[in-house]
Amino acid sequence: MRKLLLFALVVFVGITFIVRLYYLQVYDSKNYDPLEDTAVRKVFTYPKRGYVYDRNGELLVANQPSYDVMVIPKEVEPLDTLEFCSLLKITKENFIKTFNKARNYSPRLPYVFLSNLAKDDYAVLQEKMRKYDGFYIQKRSIRTYQKTIGANVLGDIGEVNQVIINKDDYYNKGDLIGKQGVEKTYEKTLRGFKGTKFIQKDRFNRDIGAFEDGSNDATAQPGKNITITIDSKLQEYGELLMTNKRGGIVAIEPNSGEILAMISGPTYNPNLLVGRNRSKNFTKLYNDSLAQPLFDRGLQAMYPPGSPFKAINALIALQEGVVTPDDKFRCNLGFKYGNRRMGCHLHRSPANMNLGIYESCNAYFGNVYLKIMDKYDSRVDAMNNWSKHVKSFGLGNYLNNDLSVGQPGKIPNSSTYDRAYGKGKWYPTFSISNAIGQGEVLATPIQLANIAAAIGNRGYYYTPHIIKNIEGDTIPSKFTKPKYTTIDKKHFGPVIHGMFDVYNKGTAKMLQVKGIEICGKTGTAENFAIIDGTKTQLTDHSIFVAFAPKDNPKIAIAVFIENGYFGSRFAGKMASLMIEKYLKDEISRTDLENFVLYHTLEHEYKKPYSGEPFKINRETTLETIPVEEYEALKYLKAKIDSK
């Protein structure tokens, strides 16, 4: 019996070992993950990031090699710290701080110890890395911007934070990701997919070759190249015009919704946010709370649209049948309502729709607005109906575009005034400023450009977008389907004719460009700020919207210049120049160009802090820039023209 028991025990143990070996070598190997094996070193291979081209095939963003010093804390052996710090050109304190961060992150996982090593430093360090166990050099690529333009459009890439890592397991500590602009919007298209190499180590922690002959390795897949809608020559010219000014310029191709130029002033060189100095330069730009170069005014700044908004009120009035193009209203230097008055400049009276548009008559549009409100017995219905029409032009929402930032603007409805004055305790005259694009109405420059495109198209627009082509792919269908306003096509003729006469005999008659039929609308928006607890009126904003040619327009544009006086002073001149540059690739109105380049508005931006009084009349003295700076701008302009 004992012999039988002993035999059974031996057989049982043998079977147990056989089953366990089978499980480990056959069954469990199917679930084996080399990432969990401490005898295997994992190295990521980073793909080439996709290139970015402008609409004409000019390369805007490419790649350059970069080298990161990586560390796996658990594998680090005692080393000559001072020598290592000398090679890396860092202090011992910095070494200790970074190493502790790496160890706290994970003792076993790679961590970026020092990023963006210079080529010369890499060559020296490469020869000595064998002395420093646990450290190795990882090659990757970083961006290089071929031009100094379009920082707000192109954006930049930077290191991921822990929040992103927690949300997306593709990223690891030290990986780069698009932070702004096109780089952010099309991150997944541009980044490609990382590869992985597994390297076997011996018991002395030395690399002895590829793990399992590389059967678990994955090859990196490069990112896709993209073509954006921007015309780099137009963008460059617009940024030149914006020198010493603040504001936004957005130009759109009406028959496609493609964004031709998107300028925010002031701007910066996108190469500042590349390499080891990225963090320092970003901090400097971020902390510039006065100029705010990182704030994209074309997409994020919400301003009163001013007189260009009158065109929408004219269209709504025609659609609602409350006026005809021939109806006239008197103007006695303004519009009186109750015991208040909305002023206007001197012009012929009475005014019909055509004169009301090209002379920008406040009295005409005050009457038109009240006609719209008086059509309905319920002021709530009237206001909500008006709001519905306005929003159909893309105002009051984000436009559903593919840009990385934006603001919805503001279009009031009945609830807006119920909250302000009490339910039902308000009248149409409470919102009369909406008639002239002031009051509770706010819009961004891209929304104003979209209005110009919708009017030029006689009632429809395409969602403004920045992507034109993706390598091996198609752009989203939402960008190729037209969106229609609530205004019938037949009503656009009188308004377009009025905008055409703005250039022929109205407020922009001095801004004509020979050979181009331009339709436009000047605007001047009051500008207020709280200074020392007091609401203070600052110098007015200069606004202009336009499209050209009159029939089948190729470009629609909005220019908004902060503290730029009246509409034709700066914004109108810049719009005419941009239109001529795009349609004719030359500038005949050098008088307008010289004015814009030679004059600065920096003195206006200093007034809230200097205590200098604001002058808001048309005779305000303009300041000029030094001759040397003017000559430098002219030289830059000549270089643009020669390309």
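Here, each number is a calculation from the coordinates, and none is a lab measurement. These figures come from a predicted structure and were not determined experimentally. With ideal geometry, Cβ positions are generated from the backbone for all residues, glycine too; neighbour counts draw on all protein chains shown.
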Bin all alpha-carbon pair distances of segment 109-165 at 10 Å intervals from 0 and give each bin's fraction as a whole percent. 15, 38, 29, 15, 2
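Net charge around LYS410, counting only other residues with Cβ within less than 12 Å of its Cβ (Lys, Arg = +1; Asp, Glu = -1)? Let's see the in-between values first.
On the way: positive: LYS391; negative: GLU440.
Summing Lys and Arg as +1 and Asp and Glu as -1 gives 0.
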Applying a 10 Å radius around every beta-carbon, put 541-553, 120-132, 563-575, 456-468 in order of their mean neighbour count, most first. 563-575, 541-553, 456-468, 120-132
Using a 10 Å cut-off on Cβ atoms, rank the peptides 223-235, 313-325 from the highest mean neighbour count down. 223-235, 313-325
Per DSSP H run of at least 4 residues, take -39500 (n - 2.57); add these up for the chain, divide by its residues and hand me the 222 nm value, nearest 500 deg cm²/dmol. -10000 deg cm²/dmol
Just for the Cα atoms in the chain, what are the lengths along the principal axes, largest first, rounded to whole Å? 122, 69, 50
Using only Cα atoms, find the angle between the long axis of helix 627-642 and the longest principal axis of the chain, and express it within 0 to 90 degrees, rounded to the nearest 10. 70
Just the projected area, averaged over all directions, of the convex hull on the alpha carbon atoms of segment 349-503: how many nm²? 11.1
Quickly rank 169-176, 432-439, 302-309 as a protection proxy: mean count of other C-beta atoms within 10 Å, highest first. 302-309, 432-439, 169-176
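Over the chain, what is the percentage of antiparallel beta bridges among all DSSP beta bridges, to the nearest 5? The partial results should precede the final answer.
Details: 78 of 81 bridges.
Once the DSSP bridges in the chain are tallied, antiparallel ones form about 95 percent.
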Got a sec to turn the phi values of segment 383-396 into Karplus ³J(HN,Hα) couplings, 6.51 cos²θ - 1.76 cosθ + 1.60 with θ = phi - 60°, whole Hz, x for Gly and Pro? 5, 5, 5, 4, 4, 4, 4, 4, 5, 5, 8, x, 8, x
Per-residue ³J(HN,Hα) for segment 330-337, Karplus 6.51 cos²θ - 1.76 cosθ + 1.60, θ = phi - 60°, Hz, x for Gly and Pro: 7, 9, 10, 6, x, 10, 9, 9
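Give me the percent relative contact order of segment 502-607, please, defined on Cα pairs under 8 angstrom at least 6 residues apart. If you can, show how the numbers build up before the last one.
Numbers: 199 pairs, mean separation 23.8, N = 106.
In percent, rounded to a whole number, it is 22.
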Inter-part distance where segment 272-345 and segment 83-160 are each reduced to a Cα centre, Å: 45
Compute the acute angle (0 to 90°) between the alpha-carbon long axis of helix 92-105 and the principal axis of greatest extent of the alpha-carbon atoms of the chain; round to the nearest 10°. 80
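Quote the relative contact order of segment 54-141 in percent (integer), defining contacts as alpha-carbon pairs under 8 Å separated by 6+ residues.
In percent, rounded to a whole number, it is 53.
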I need the phi-derived Karplus couplings for segment 51-62: 6.51 cos²θ - 1.76 cosθ + 1.60, θ = phi - 60°, integer Hz, Gly and Pro marked x. 7, 10, 10, 7, 4, 9, x, 7, 5, 10, 10, 10
Measure nothing but the geometry: give the 0 to 90° angle between the long axis through the Cα atoms of 492-504 and the longest principal axis through the Cα atoms of the chain, rounded to 10°. 80
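Counting alpha carbon pairs within less than 8 Å and at least 6 residues apart, what relative contact order, in whole percent, applies to the chain? Can you show the working numbers first?
Values: 1291 pairs, mean separation 81.0, N = 643.
13 percent.
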Would you grab the residues whose amide H sits under 5 Å from the one on ILE157? Only those 5+ places off in sequence or on another chain, please, with H modelled 1.01 Å from N. LYS179
